[in-house]
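Below is one structure, written out as structure tokens; comments come after it.
The values are calculated or read from the model by the stated rules, or taken from the named source; none is laboratory data. In this text the structure is predicted, and so the values were computed from the model without any measurement. When we count neighbours, we look across all protein chains shown, and the Cβ atoms used for this are built from the backbone with ideal geometry, even at glycine. Heavy atoms of the whole protein, side chains included, go into the accessibility calculation; ligands, DNA and RNA do not. Shrake-Rupley method; radii C 1.70, N 1.55, O 1.52, S 1.80 Å.
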Amino acid sequence: MAESMKGLKRTCRCGELSAANVGENVTVMGWVQKQRNKGGIIFVDLRDRAGILQVIFEESECGAESFAKAERLRSEFVVAVTGKVERRQGAVNEGLATGEVEVRAEQIRILSEAETPPFPIEADSKTKEELRLKYRYLDLRRPDLQKNLILRSKIAANIRSFMESEGFLEIETPILQKSTPEGARDYLVPSRVHPGTFYALPQSPQLFKQLLMCSGYDRYFQIAKCFRDEDLRADRQPEFTQVDLEMSFVDVDDVIDVTERMVARVCREAIGIDVQLPIRRMTWTEAMNRFGSDKPDTRFGMELVDVSETVRGCGFGVFTSALENGGSVRGINVKGQAGMPRKKIDALVEFAKGYGAKGLAYLSVQEDGTYKSSFAKFMTQEELDGLAGAMEAEPGDLLLFAADSLKNVWAVLGALRCELAKQLGLIDNDRFDFLWVTEFPLLEWSEEENRFTAMHHPFTMPMEEDLPMLETDPGRVRAKAYDIVLNGVELGGGSVRIFQDDIQEKMFEVLGFTKEQAWERFGFLLNAFRYGVPPHAGLAIGMDRFVMLLTKAESIREVIAFPKVKDASCLMTNAPDVVDDAQLAELHLQITGE
């Protein structure tokens, strides 16, 4: 039978007690982790978000009624215990923050009884994630998840404190807004009052924060909820949180400076690491050429090497045909792996095919200097020596090559170097390697839409020296855009914004919008620009990803209280779900079929 608290007040959390509290009378409340009945004495591990505390019940001290209640305790019962803090009579438990002390109970109240949970409430759970997500309210009791969410709260508090000290104003922007489809899919919300029309949930506060700059607010930030109807992966959710900022009268260096100082403050205060400032920078072109990725993991080497000129005119048709078609031949040197079994190499070939490769050529340098290769018979000894020399190969090295369009070669080798680094244990998981990637292409060609699309968004400023190429060669125009990368994950990104009418109109023209289409989609922003707009720039950092990386979690689901799964559904609430016909009728909607 559950009891009320009857005026009882908690004096501290379970995990907050130490030897300094010995002799004090305390009242603690929490969940029973486990109960051990040793006959005349009962040991109870009591848990709350601060940690676990051992409580001892002896009938001679707590009385027959409380002892009988202690005998009834089962896992996840919620109780209130009053007693005295003592030093442990047995061995100190080094694994607990409270391991030096215990509470000798004088009174207990059972506030709530519990059924046996469907899985143990413990750190490093081996229970399948699907079951844990179905009972997420139980999963969230686990100490490791609680630690993650407590750290997340601490990070948010540090961000707010830093931004306020830098003169930023926290301003909320609308959740229900106009759909401006250019990028990921919108989540749409039907309007009851305006039949046949829809709001969109924000993919980001982009347009509103630019309007705030037009309104003179100078420095804005927000820890903002955003929504994108995209396929999910380990570091992506349909609804996510970003640290969003915008600044007036600034250029690239100003945004980078304030962002990296914020990141350094968070890392120092939250997890006690010092980020060396300034964070190094690398252009997009350099990142792609060296690592095959615009978010490179720089904690290890194995960089890409361009051997196109070395193999031009050689006897291996795969290399020469790729070059004749305007492509590239590049390779990576996997140090000390010449003895890799053929079965493993074949598995790497299959992995590369998953990233668009037609195949993967290999050349292993034996200890005696000879070669084993998938293509040696097509090349002369001199050509093979030249290729090994270009790759700076030594006896014992394995060389892997991709030959295709440059875009595909980057994708294949960029993914392959990361996969090999994981397999070979080359990554230092205790290292936090930050990097700025700058000067992205402004545009990328979409084969599907047969037009240029914005690599970031249509309001990104081109590099001033590249402006003439908007007319003549749009694909070569660089953007005043910048991404911050941590350990091979894009942490966030931003850009200087276009604020001149003529450049914005030209940008829309290059993107294939008519003037009418541009005004239909973005007229409220373009109209605001007629009334005096300051130069401005901004950035957004993915809060979920940031916390995931700082906690070394394997998925952002481990740092979000109530996440979705891969099909964007919630296993706990069964959302999304059907709604009744009356609701649909009120919204002037009709379900027409699958």
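In table form, for the structure just shown:
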{"quantity": "Surface share of carbon and sulfur [accessible, 1.4 angstrom probe, percent] for the chain", "calculated": "49"}
{"quantity": "Anisotropy class of the stretch 444-495 from Cα gyration tensor, a/c 1.5 cut", "calculated": "oblate"}
{"quantity": "Gyration tensor (alpha-carbon) shape descriptor, the stretch 123-184, a/c threshold 1.5", "calculated": "oblate"}
{"quantity": "Cβ-derived FRET efficiency at R0 30 Å, Lys422 paired with Glu164, nearest 0.05", "calculated": "0.15"}
{"quantity": "Radius 12 Å from Cβ of Val477, net charge of other residues (Lys, Arg +1; Asp, Glu -1)", "calculated": "-3"}
{"quantity": "On Cα atoms only, tilt of 381-390 relative to the major axis of the chain in degrees", "calculated": "50"}
{"quantity": "Quarter of Cα convex hull surface for the stretch 278-416, i.e. mean projection, nm²", "calculated": "8.5"}
{"quantity": "R0 of 56 Å, Cβ-Cβ distance Arg530-Gln89: FRET efficiency to nearest 0.05", "calculated": "0.10"}
{"quantity": "The stretch 270-316: proportion of alpha-carbon pairs further apart than 15 angstrom, %", "calculated": "63"}
{"quantity": "Long pairs among Lys225/Lys552; Lys295/Lys358; Lys154/Lys566; Lys353/Lys566; Lys295/Lys480, criterion Cα-Cα beyond 26 Å", "calculated": "Lys154/Lys566"}
{"quantity": "Cα centre as origin, Lys/Arg/Asp/Glu Cβ charges: the chain dipole, Debye", "calculated": "1900"}
{"quantity": "Neighbourhood net charge (14 Å Cβ-Cβ; Lys/Arg +1, Asp/Glu -1) for Asp501", "calculated": "+1"}
{"quantity": "Bins of 5 Å, starting at 0 and running to the largest distance - Cα pair percent for the stretch 70-172", "calculated": "2, 9, 12, 12, 16, 16, 12, 9, 6, 4, 1, 0"}
{"quantity": "Neighbour-limited loop hits for trypsin sites (Lys or Arg not before Pro), the stretch 520-573 (at most 15 other Cβ within 10 Å; DSSP other than H, G, I, E, B)", "calculated": "Lys552, Lys566"}
{"quantity": "Relative contact order (percent, whole number), the chain, Cα cutoff 8 Å, 6+ residue spacing", "calculated": "13"}
{"quantity": "Approximate spin-label separation Met572-Lys6, in nm, with each point projected 7 Å along Cα-to-Cβ", "calculated": "3.3"}
{"quantity": "Kirkwood Rh and Cα Rg combined as Rg over Rh, evaluated for the stretch 210-340", "calculated": "1.11"}
{"quantity": "Rounded Å value of the spacing that divides the Cα centres of the stretch 197-256 and the stretch 478-501", "calculated": "12"}
{"quantity": "Arg342/Leu232 FRET efficiency (R0 35 Å; Cβ-Cβ; nearest 0.05)", "calculated": "0.45"}
{"quantity": "Sparse-neighbourhood loop sites, trypsin sites (Lys or Arg not before Pro) in the stretch 1-72 - DSSP loop, at most 12 other Cβ within 10 angstrom", "calculated": "Lys6, Lys9, Lys38"}
{"quantity": "Rounded to 10°, Cα long-axis angle of helix 59-72 versus longest principal axis of the chain", "calculated": "50"}
{"quantity": "Global form of the stretch 420-570, assessed from the alpha-carbon gyration tensor, a/c cut-off 1.5", "calculated": "prolate"}
{"quantity": "Solvent-accessible area per residue, Å², over the chain with all protein chains present [probe radius 1.4 Å]", "calculated": "49"}
{"quantity": "DSSP-loop GluC sites (Glu not before Pro) across the stretch 322-424, with at most 12 other Cβ within 10 angstrom", "calculated": "Glu367, Glu392"}
{"quantity": "Cut-off 10 Å between beta-carbons: net charge of the residues surrounding Val365, Lys and Arg +1, Asp and Glu -1", "calculated": "-3"}
{"quantity": "Volume in Å³ per residue [convex hull over Cα atoms, computed for the stretch 393-489]", "calculated": "167"}
{"quantity": "Relative contact order of the stretch 127-234, defined on C-alpha pairs under 8 angstrom at six or more residues apart (%)", "calculated": "25"}
{"quantity": "For the chain, calculated [θ]222 nm from helices alone, where every DSSP H run of n ≥ 4 adds -39500 (n - 2.57)", "calculated": "-9000 deg cm²/dmol"}
{"quantity": "Distance between modelled label sites at Ala20 and Arg431, nm, 7 Å Cα→Cβ extension", "calculated": "3.8"}
{"quantity": "Cα-projected label distance for Arg299 with Glu106, points at 7 Å along beta-carbon direction, nm", "calculated": "5.1"}
